[in-house]
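The values are calculated or read from the model by the stated rules, or taken from the named source; none is laboratory data. Values in this document were obtained by computation on a predicted structure and should not be read as measured data. All Cβ positions, even for glycine, are placed from backbone atoms using ideal geometry, and neighbour counts span all protein chains on display.
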Amino acid sequence: MTGFPQFVYHSDALYVESVPLHQIAEQYGTPCYVYSRAALTQAYRDFDTAFAARDHLICYAVKANSNIAILNLLARLGSGFDIVSGGELQRVIKAGGDPRKTVFSGVGKTIQEMRMALDVGILCFNVESESELNALNQTASEMGKIAAVSLRVNPDVDARTHPYISTGLKENKFGVPADEAMRIYQAAHLYPHVRFTGLDCHIGSQLTELSPFIEASGKMLSLLDALQAKGLTIEHLDLGGGLGIRYTDESPPSIQNYVAALCAQTARATQRLLIEPGRSLVGNAGILLTRVAYLKHTSARNFAIVDAAMNDLMRPSLYDAYHDILPVRSNGLATDTYQVVGPVCETGDFLGHDRLLALRDGDLLAVMSAGAYGMSMSSNYNTRPRAAEVMVDKDAVHLIRQRETVDQLIASERILSG
């Protein structure tokens, strides 16, 4: 057993749904991202079913994984989208997503991005500063439009997650303090081309406890009460995302328990509830498939040098994040402790430290829980083409992104003349 329902061993070979992973490696090469359609679909339906008794909209956080095949599958399931750039908006539209079910988050929206979003008629801008609000009001005025807005409120709640992905403390760059939000909402008449429609917060990512969510939603309800007492109409309450997944021994709340807690906490609010899950939808739906290039044994350590690197999966190097690393096929050898590292010229280029594995040159490994912030954070460092991506649907394998070539990487570069 692997602990990941759509990735299981049969006769000592690791499968995704009904397809052996070694078959995918033979056909598409490595490194390669592999996703399970069934896992992705089940995660979305778990959210949707848990919210069945409440008016809601699930807005998938596109930054987690922005492949248009994944966006298209979610759009067909009824999902909305949470975007943080104009490029992500273009991906949503290309994938068949509905702009009217799309919210635009992020602290640094450009005027061009605002224009694009206003032109296609997105559901809402999650505004993160007074300066941004002024710019949006001016841009909407120039276009003869009204921008629907939620203020992203910083509730000053400790998410108890990695500091790089904690977004709800007062020292973070995100959102506006509650007292400032109250003042801005009351000054709505100063923004004739803005309509305040919602109230938003997001406290961080990879949260493994319910208490931070409950604390933040409680503070949002208090602000909602104060706004309504002043006669302001709020149509939706956006409680953000951040629900964690299991990478190793974490015990995050189930989707059902998470949604039940949010619904119970906000039971007296009649507003539509929006949430912005990303990792909890796609994280455990994907793996990174890699092959051992060389085994290197030294007096200090044993190294398994694989063909995937920090440019393919940044999370271990950036966050010291842990991913399970499993053999794709059993080879019958004795296990040893390995540092699983890539070929990039950085000591920080690793996928896993001190892993007990039975390995030989050429063996395949599956880096688990890589569906979120894997491909979307990948780069071309060391002029390494980015990996291929495939989606498995039962016994069918679909290429959803071709492997890049070096010719593609340098095509836009120019040598000086003269």
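Residues that are assigned by TED's automatic domain parsing to the domain that holds ILE24 and within 22 Å of TYR322 (Cβ to Cβ): list the strands (runs of 3 or more DSSP E) wholly contained in region 338-418 that include at least 2 such residues.
350-357, 364-367
Which ones in region 236-257 are under 11 Å from ALA269 (Cβ atoms) and more than 20 Å from the chain's Cα centre (by Cα)? First the steps, then the outcome.
Just the residues of region 236-257 that are under 11 Å from ALA269 (Cβ atoms), to begin with: 236-237, 239.
Scanning region 236-257 gives HIS236, LEU237.
Is it the case that GLU215 is at negative phi and within 16 Å of the chain's Cα centre (by Cα)?
When the stated conditions are applied, GLU215 does not pass them.
Looking only at residues that are of a type in the set (A, V, I, L, M) and in contact (Cβ under 8 Å) with a residue 60 or more places away in the chain in region 258-271, which one is farthest from GLN206 (Cα to Cα)?
ALA260
Suppose the filter is outside any helix (DSSP H, G or I), crowded, with 16+ Cβ neighbours inside 10 Å and not polar (S, T, N, Q); does VAL92 pass it?
In short, no.
Going by the structure shown, is SER369 under 20 Å from GLY29 (Cα atoms) and among the small types (Gly, Ala, Ser)? Write out each step before concluding.
On the way: under 20 Å from GLY29 (Cα atoms): yes; among the small types (Gly, Ala, Ser): yes.
Yes: the conditions hold for SER369.
Would you be able to tell me the number of residues in region 49-86 that are surrounded by fewer than 17 Cβ atoms within 10 Å (Cβ to Cβ) and charged (D, E, K, R)?
The total comes to 3.
Conditions tested, residue by residue: (1) touching a residue at least 60 places away in the same chain (Cβ under 8 Å); (2) in a loop (DSSP other than H, G, I, E, B).
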site: ASP225; (1), (2): no, no
site: ASP249; (1), (2): no, yes
site: GLN256; (1), (2): yes, no
site: LEU273; (1), (2): yes, no
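Among (1) more than 20 Å from GLU235 (Cα to Cα); (2) part of a helix (DSSP H, G or I), which single condition is ARG100 missing?
(1)
Just the residues that are modelled with pLDDT of 90 or more and either closer than 27 Å to ARG315 by Cα or surrounded by 18 or more Cβ atoms within 10 Å (Cβ to Cβ) (or both), please, taken from region 154-192.
ILE184, TYR185, TYR191
Considering only residues that are aromatic (Phe, Trp, Tyr) and closer than 15 Å to VAL367 by Cβ, which ones fall in region 296-348? Let's see the steps before the verdict.
Within region 296-348, the first condition is being aromatic (Phe, Trp, Tyr), and the residues that meet it are 303, 319, 322, 338.
Hits for region 296-348 are TYR319, TYR322, TYR338.
Could you look through region 193-212, keep only residues that are in a loop (DSSP other than H, G, I, E, B) and under 28 Å from the mean Cα position of the chain (by Cα), and pick out the one that is modelled with the lowest pLDDT?
The selected residue is SER205.
How many of the residues in region 370-408 are of a type in the set (D, E, K, R), surrounded by fewer than 17 Cβ atoms within 10 Å (Cβ to Cβ) and within 18 Å of the chain's Cα centre (by Cα)?
0
Please go through region 1-46 and give me each residue that is free of Cβ contacts under 8 Å to residues at least 24 places away in the same chain and buried (at least 19 other Cβ atoms within 10 Å of the Cβ), ordered by number.
Hit for region 1-46 is TYR15, nothing else.
Tell me yes or no: at least one residue of region 223-236 is of a type outside the set (Phe, Trp, Tyr) and in contact with an Asp or Glu (Cβ under 9 Å, 6 or more places away or on another chain). Walk me through how you get there before you give the answer.
So in region 223-236, the residues of a type outside the set (Phe, Trp, Tyr) come out as 223-236.
With the extra rule that they be in contact with an Asp or Glu (Cβ under 9 Å, 6 or more places away or on another chain), the set shrinks to 236.
Yes, that holds for at least one residue.
Just name the residue that is farthest from the chain's Cα centre (by Cα) out of those in region 282-337 that are touching a residue at least 60 places away in the same chain (Cβ under 8 Å), under 20 Å from ILE245 (Cβ atoms) and assigned to a strand (DSSP E or B).
Step by step, filter region 282-337, then rank; the result is LEU326.
Would you check if there is a residue in region 20-41 being farther than 18 Å from PRO327 by Cα, at pLDDT 95 or above, touching a Ser or Thr at 6+ places or on another chain (Cβ under 7 Å) and not assigned by TED's automatic domain parsing to the domain that holds ARG291?
There is no residue in region 20-41 that is farther than 18 Å from PRO327 by Cα, at pLDDT 95 or above, touching a Ser or Thr at 6+ places or on another chain (Cβ under 7 Å) and not assigned by TED's automatic domain parsing to the domain that holds ARG291.
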